[in-house]
Ligand code: 13P
């Protein structure tokens, strides 16, 4: 059985007090309403991680993730955050290669391969993001584009390493636009991703990897999207900033 995971990517939102309130609310409602079989991951801005870890405590199946990390283990990289620092504040997941980092911070497939290595070496779980821009989808080149991203950043890994990853498919045209991929479009891409991983790492590995969908996912469409047999959860932006919506998405399984 693959893990069902719903991760909330807060992006650059929520000041400290707001972040604490949101996390308390999520944890309280999660405990009351959610069956433990869906893993929730909260990915706040770095500076909140330590305090939010205290709020989450040992709540079963609620975890903390970072939105990014540096590709080096330590050193003279002013302003950066290392994987060991993330571990020391109880983060267990790290989002790698979000399209906003690729677009605004120039992160390339090759550079992301290094971040994946650094993350795995530290024992953290990368949530590796892939996804095509609108013009690629309109040209009908989306499968090729996404599978190439995976090849470039992940195909140097061993099967054992690959098993430790979570993949998030986030079509860029659906992020923050209110325009979600249809359930069919999501399932079809997820199946392609799994087949591509299977071709390199074998069926056992491909079948064990959770593939999340991201892009304008909300309580009203999560149920339909999560019904796809290769859709194992979601990476949620805007809707993760409201506890009720985030939990309702988790409960859509
Ligand atoms: P939205 O859910 O706001 O479209 O964002 C998706 C996303 O980028 C999550 O990483």
Helix-only mean residue ellipticity at 222 nm, the chain, DSSP H runs n ≥ 4 weighted -39,500 (n - 2.57), per residue, nearest 500. What is it?
-13000 deg cm²/dmol
For region 166-231 and region 73-151, what is the separation of their C-alpha centers, rounded to whole Å?
17
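If you average the sequence gap of Cα pairs under 8 Å that are 6 or more apart and divide by the length of region 102-199, what percent do you get for the contact order? Before the final figure, lay out the partial values.
Working: 80 pairs, mean separation 32.1, N = 98.
The value is 33 percent.
For the pair residue 227 and residue 84, what calculated FRET efficiency results from E = 1/(1 + (r/R0)^6), where r is the Cβ-Cβ distance and R0 = 51 Å, to the nearest 0.05? Could you put the intermediate results ahead of the total?
Details: r = 39 Å, r/R0 = 0.77.
E between residue 84 and residue 227, to the nearest 0.05, is 0.85.
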Length-normalised contact order for region 20-167 - Cα pairs under 8 Å, 6+ apart - percent:
19
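Which whole-number percentage describes the relative contact order of the chain, with Cα contacts under 8 Å and a sequence gap of 6 or more?
On the way: 482 pairs, mean separation 54.6, N = 253.
Across the chain, relative contact order equals 22 percent.
Where a number appears in this text, it was derived from the coordinates with a stated rule and is not lab data. None of these values were measured; they are calculated from a predicted model. Neighbour counts run over all protein chains shown; Cβ positions are idealised from the backbone, glycine included.
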